[in-house]
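The values are calculated or read from the model by the stated rules, or taken from the named source; none is laboratory data. A quick note: this is a predicted structure, and the numbers were derived from the prediction, not measured. Cβ placement follows ideal geometry from the backbone for every residue including glycine, while neighbour counts extend to all protein chains displayed.
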Amino acid sequence: MSKAKNIFIARLDDVTAQLQEELNSSAAAGKSLHLPKGVYRCGALRLPSGADLCLEEGAVLRFHADYGLYASNSVDVIAEDSDRALILAQGARSVRLHGQGTIEAPGESYIEGILEDMGTHIPSRHRPRTLIVDRCSDVRIERIRIGLSAMWTVHLIRSEDVILDGVTIVNDRKMPNTDGVVIDACQRVMIENCVIDTADDGVVLKTSRGPDGLPIGNCHSIRVAHCNIISESCALKLGTESFGDMQNITFEDCVIAHSNRALGLFSRDGGRLSNIAFRRLTVDCKETPEGFWGSGEAITMTALDRRSTNPAGVIENVLFEDIEGQMEGAVNLFADRAGLIRNVTLRRVSLRQAPGRFNACRYDVRPTKFDLAPSPDAAGRANAWVRGADGKIIGLVPYPGGMPGVFASDVENLALEDVKVSRPSPLPEGFHPESVVVLQGQSPVWS
């Protein structure tokens with residue numbers, strides 16, 4: 001039985017107050033609110049319990065650029081220097097946001113310049129996230145299109161029973177921190193049939209810490225499937241914020257195209273990452289300029305301490321199965337000390353390796369402790385990139401002896417089952433003569 005609906009008819013050019021009032025009244029009455037074709041200029045919006053907002057085909061919800069307008073949508077989980085959102089659902093139940101329309105964020109207004117050598121815009125310090133779902137349950141986001149985010153696009157925080165289905169996210173590929181979907185200390189989340197094209201991570205799991213410095217929770221029972229992702233950073237990722245545990249995570253049947261890193265796990269802050277499976281994935285990984293973390297790796301896994309108060313947690317029980325495609329980097333598995341990465345299986349992995357346009361032949365361990373707070377006289381941007389005294393980016397490390405197809409350092413119980421890396425012949429300059437290089441007993445460098 002379909003839900004009764006109200007049709008929104010704008011009375012003013014700025015619809016913020018009217019739209020909020022009608023959202024609240026429609027939710028209270030158990031009705032959906034439909035925005036027909038048209039452009040609706042708007043400020044901060046909240047989705048209450050029972051909200052059912054439908055953006056019909058041709059409807060564009062266009063948000064104002066003034067960061068101050070969104071102070072009422074502040075949350076206690078800070079992302080970079082962002083503490084607020086254009087749209088906020090907080091402590092709500094049974095929320096639905098759907099339709100064939102578009103949410104248009106004001107990302108272009110938060111560009112302050114460009115760094116040609118790094119390949120990124122210079123973003124404003126304070127930028128709003130597009131949609132935050134905080135401490136909610138029974139949330140469905142379906143079929144809508146979201147574009148031009150200034151910061152993280154969809155941020156799910158401490159929520160449960162959330163579905164994103166058929167959502168399209170298209171952001172500026174030079175705008176830092178415009179992650180597609182961030183799943184932060186959530187339970188029972190399903191992301192399916194989505195298209196994500198962005199400069200930063202595509203779908204990323206995190207466990208942040210709150211104002212008290214403690215983890216806000218753990219992340220478990222997450223499934224991402226049948227998605228198409230383009231990312232200048234990492235398409236499918238766990239970390240880097242990892243204060244709480246992440247477990248029982250599945251990525252399946254996705255296509256990753258024209259991306260930097262495809263699949264990544266990053267332990268830095270004390271939480272344990274365990275029982276994680278990547279299955280039936282097609283990847284296409286290309287080197288990017290140094291302003292983006294990564295070097296064209298199909299698979300990357302790094303564990304190192306970046307805070308003396310929070311040693312990195314263990315990554316364990318990880319499966320990569322039926323992975324195919326191409327890469328300009330390598331498969332990189334790096335633990336800065338013994339015991340941080342264990343019980344890893346690569347099964348039926350078939351990759352073509354080719355030199356990239358930078359032919360860097362380096363692995364990337366960023367973020368390190370140097371990225372947290374660069375010294376005042378260091379070139380760089382906090383939590384992004386920092387140049388050392390030698391002028392080189394800290395954390396980009398040449399592979400010892402050249403770049404192999406698979407590189408593993410201090411990984412315990414690594415199983416390579418039917419792993420094939422096709423390499424050029426003759427090998428390009430900077431390539432290791434061996435396809436697989438496994439090192440043990442290495443001294444810590446970064447921790």
> Can you tell me which of A105, A85, A44 is in contact with a Gly (Cβ under 8 Å, 6 or more places away or on another chain), touching a residue at least 40 places away in the same chain (Cβ under 8 Å) and among the small types (G, A, S)?
Replying inline: A105
>> When the residues of region 123-137 are narrowed to those that are of a type in the set (A, V, I, L, M, F, W, C) and within 19 Å of the chain's Cα centre (by Cα), which ends up surrounded by the fewest Cβ atoms within 10 Å (Cβ to Cβ)?
In response: L131
>> Can you report the number of residues in region 80-92 which are among the small types (G, A, S) and either surrounded by fewer than 23 Cβ atoms within 10 Å (Cβ to Cβ) or part of a loop (DSSP other than H, G, I, E, B) (or both)?
In response: 2
>> The conditions are (1) surrounded by fewer than 24 Cβ atoms within 10 Å (Cβ to Cβ); (2) over 25 Å from S94 (Cα atoms); (3) not polar (S, T, N, Q), and I163 fails exactly one of them. Which is it?
In response: (2)
> Looking at this structure, is D161 part of a loop (DSSP other than H, G, I, E, B) and modelled with pLDDT of 95 or more?
Replying inline: no
> Looking at (1) aliphatic (A, V, I, L, M); (2) touching a Lys or Arg at 6+ places or on another chain (Cβ under 8 Å); (3) part of a loop (DSSP other than H, G, I, E, B), which is the only condition V445 fails?
Replying inline: (2)
> Going through region 200-223 one residue at a time, which ones are among the β-branched types (V, I, T), under 20 Å from M151 (Cβ atoms) and part of a strand (DSSP E or B)?
Replying inline: V203, V204, T207
>> For region 388-444, give me each residue that is touching a residue at least 60 places away in the same chain (Cβ under 8 Å) and of a type in the set (D, E).
In response: D410, E412, E417, D418, E429
> Out of region 251-267, which residues are part of a loop (DSSP other than H, G, I, E, B) and surrounded by fewer than 24 Cβ atoms within 10 Å (Cβ to Cβ)?
Replying inline: D253
>> Quick check on my filter: what residues within region 191-213 are surrounded by fewer than 24 Cβ atoms within 10 Å (Cβ to Cβ) and under 20 Å from E160 (Cα atoms)?
In response: E192, N193, S208, R209, G210
> Within region 402-442, how many residues turn out to be closer than 19 Å to T300 by Cα and either at pLDDT below 95 or surrounded by fewer than 14 Cβ atoms within 10 Å (Cβ to Cβ) (or both)?
Replying inline: 9
> Given the residues G271, G239, G244, which is the only one that is buried (at least 21 other Cβ atoms within 10 Å of the Cβ), part of a strand (DSSP E or B) and modelled with pLDDT of 95 or more?
Replying inline: G239
>> So if I check each of E104, E108, which one is out of contact with any helix residue (DSSP H, G or I) (no Cβ under 6 Å at 6 or more places or on another chain), more than 25 Å from V386 (Cβ to Cβ), charged (D, E, K, R) and buried (at least 21 other Cβ atoms within 10 Å of the Cβ)?
In response: E104
>> Residue under question is R188, and the condition is that it be surrounded by fewer than 24 Cβ atoms within 10 Å (Cβ to Cβ) and not in a strand (DSSP E or B); does it hold?
In response: no
> Taking strands (runs of 3 or more DSSP E) that do not extend beyond region 285-398, which have at least 3 residues that are among the polar types (S, T, N, Q) and at pLDDT 90 or above?
Replying inline: 341-353
> T120 fails exactly one of the following numbered conditions: (1) within 30 Å of D52 (Cα to Cα); (2) under 19 Å from the mean Cα position of the chain (by Cα); (3) touching a residue at least 60 places away in the same chain (Cβ under 8 Å). What is the number of that condition?
Replying inline: (1)
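Rundown of residues vs (1) touching a Cys at 6+ places or on another chain (Cβ under 7 Å); (2) not aliphatic (A, V, I, L, M), yes/no style:
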{"site": "F320", "(1), (2)": "no, yes"}
{"site": "E324", "(1), (2)": "no, yes"}
{"site": "E328", "(1), (2)": "yes, yes"}
{"site": "V344", "(1), (2)": "no, no"}
{"site": "P355", "(1), (2)": "no, yes"}
{"site": "N359", "(1), (2)": "no, yes"}
{"site": "D364", "(1), (2)": "no, yes"}
{"site": "D371", "(1), (2)": "no, yes"}
> Is it the case that region 107-117 has a residue that's under 19 Å from R46 (Cβ atoms) and among the acidic types (D, E)?
Replying inline: no
>> So I141 ticks every box in (1) aliphatic (A, V, I, L, M); (2) buried (at least 17 other Cβ atoms within 10 Å of the Cβ); (3) over 20 Å from the mean Cα position of the chain (by Cα) but one. Which box is left unticked?
In response: (3)
>> Being at pLDDT 95 or above, hydrophobic (A, V, I, L, M, F, W, C) and not in a strand (DSSP E or B) is true for just one of L61, L69, L97. Which residue is that?
In response: L69
>> So the check is Cβ under 9 Å with 6+ separation or different chains; which pairs have a first residue in region 9-29 that's closer than 14 Å to Y40 by Cα and among the basic types (K, R) and a second one that's surrounded by fewer than 17 Cβ atoms within 10 Å (Cβ to Cβ) and at pLDDT 95 or above?
In response: R11/Q18
> Restricting attention to region 147-157, which residues are touching a residue at least 40 places away in the same chain (Cβ under 8 Å), surrounded by 24 or more Cβ atoms within 10 Å (Cβ to Cβ) and either under 21 Å from N193 (Cα atoms) or touching a Cys at 6+ places or on another chain (Cβ under 7 Å) (or both)?
Replying inline: S149, W152, T153, H155
